[in-house]
1. Need one number: the % of Cα-Cα pairs in region 149-198 sitting beyond the 19 Å mark.
2. Along its three principal axes, how long is region 29-86 when you only count alpha carbons? Whole Å, largest extent first please.
3. Sorted from largest down, give the three principal axis spans of the alpha carbons of region 397-472, whole angstrom values.
4. Counting only Cα, what are the radius of gyration and maximum Cα-Cα distance Dmax of region 153-287, in Å?
5. Using Cα pairs closer than 8 Å and at least 6 residues apart in sequence, work out the relative contact order for region 160-230, in percent.
6. Counting helices only, and only those DSSP H runs with n ≥ 4, report the 222 nm mean residue ellipticity of the chain as the sum of -39,500 (n - 2.57) divided by its residues, in deg cm²/dmol to the nearest 500.
7. Multiply the residue gap between Asp401 and Gln194 by 0.36 nm, knock off their C-alpha separation, and tell me the result in nm, one decimal place.
8. In square nanometres, what is the average projected area of the Cα convex hull of region 485-571?
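The values are calculated or read from the model by the stated rules, or taken from the named source; none is laboratory data. All of these numbers come straight from a predicted model, not from anything done at the bench. Glycine also receives a Cβ, built like all others from the backbone with ideal geometry; neighbour counts cover every protein chain displayed. Accessible surface areas use protein heavy atoms only, side chains included; no ligands, DNA or RNA. Shrake-Rupley method; radii C 1.70, N 1.55, O 1.52, S 1.80 Å.
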Amino acid sequence: MTEPILSFDGVGYRYPETSRHALDGIELELGEGELVLLAGASACGKSTLLRAAAGLVPHFYGGEFFGRVTVGGLDTAQVGPAGVSAVAASLFQDPESQVVMTTVSAELSLPLENLGSSPAAAARAVEETALALGIDGLLERSMHTLSGGELQRVALGAALVTQPRLLLLDEPTSQLDPVAGDELIWQLRRLNEQWGTTVLLAEHRVERCLAASDRVVVLDRGALVCDESPHDFVAWAVERAPELAPPAARMFALGGLRPLPLGVKEARESLRAQGLGDRGGFDEADLRQPKIDDPEMQQRDERSPKRAQRFRRLLRPRRAGAAGLELERVWVEYDDGTGAGLPALRGLSLRIEPGETVALLGRNGAGKSTLLRAAAGMRSPDRGTVRAGGEVGLVVQTPGDYFLHERVIDELPGASALAALEDVGLSHAVDSNPRDLSGGERQRLALAIVLAGRGIGGGDPPAVVALDEPTRGMDRGQKDELAARLHSLAESGSAVLVATHDVEFAARAAARCVLLGSGQVVADGSTEEVLSGGRYFATEVARVLTPGARAVLPEQGARLLAERRTVASVA
């Protein structure tokens, strides 16, 4: 029998100065040439499992380790990360901490130089990798000029360039736009099928990965609780862990439809077979507050309205008449290292009223982060005007930028620290090192640092709340809580602007969506209008149904399908 390329044999692990095991008795094997999706809630142990596979646990992180991990037949306890790197390449949640060179081409060349590749072989590998990932136009760019998504693709390129036998990826699409994210998953599938590369991929947005996966492995509090085919995983998730089920399957489950689809194609085929194809939509006013009339469907809807009520009680109404945010004909240009200059915003105009929740969408490099930085005064426009009705609270997309201390509690102002940590669900981590938190926990801590006593843990929020990719590392339940919090901040008078590539989150968090392209506004309209009318910047539910349905959430889709079933039964 062929030896597995990755094997966990009774593996347990506990980080230093913690009482809970991050991994608990893991038994897992990956065969040569498999593509396995690793799923689970935030802080369930996914990143730790990948670190153990890379040899970083316990060699780099310390702590208590037992059991055995082998990679390509090598015992990680004996060879460490350096030995594992001969077989496996890794990309973790924070690519900004993994890049070391000043230009993209130098970053991609470095792994090959370390292996002693000839200049010609290295140049060819860099060119082919850049073409495969769509970053060939970035090769001469300086690293500091890249957007978060561009940086993520470059870090992935550095992992792929040596053609490893095993790829260990921790949320590699978290900062990619919908097109780039989908393309990356299918590039991984092609690598897997054509070159036999084994892939272990941790992702919260399982809907974009299921069709390409051979198996799905689920962790819960460090223990392996599910190891099934994609179809069996979907059935398991709907019954046992609804927060992990993809949107189309949730829509079917809420509507009492079977079989549960793996993705868009299967969902459409199933609806056609059941005579529930497109019959039009319902009023936009009804979509604003999705409701489900069937009591059984209400029980299946795992969202808790008490979350939003709890957040509202923490906030006091702001004074009437506070201004929002306005950008008028704003131009921003960066020095990209080539001497030509790189326009990030091109005469952009945008107005956000107090109390609005707006999602800022667009491909990588479209100008979203630059717009937020200009709004917060971190980057003055070269031309044009930025006006805000008061203070702008900005949460950037790299939460580690906020961490200055060794304890979580010390990162926040004393008067509101405990209340703010409790508000974001981190009261258990007051004495933890911020850098030891999971990706989702770091995001929540950064939010608490920026808004402690100003909308989180009490107090009035700023006039403008701006967040840049705030959902990296968050599971669906945490995203729902964040969406409820943003609505509460808006109800207290803040103009809320959130840049995100996660269209499912945008559908819950925002009443209005603005799509950027090349530093300009391409589309600006209601969330239902923007997220149901396109091919890529559209939710999975919207892609299953038709643009005329104007349904973007599983609850909305389930209600529409229930209406279609009623019409069909009467007919």
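1. The proportion of pairs with Cα distances above 19 Å equals 19 percent.
2. Answer, in whole Å and largest first: 30, 30, 19 Å.
3. Projected onto the principal axes, the Cα atoms of region 397-472 cover 32, 27, 20 Å.
4. 17.1, 53
5. 29 percent
6. Only helices count here, giving -10500 deg cm²/dmol.
7. 70.6 nm
8. For region 485-571, the mean projected area of the Cα convex hull comes to 6.8 nm².
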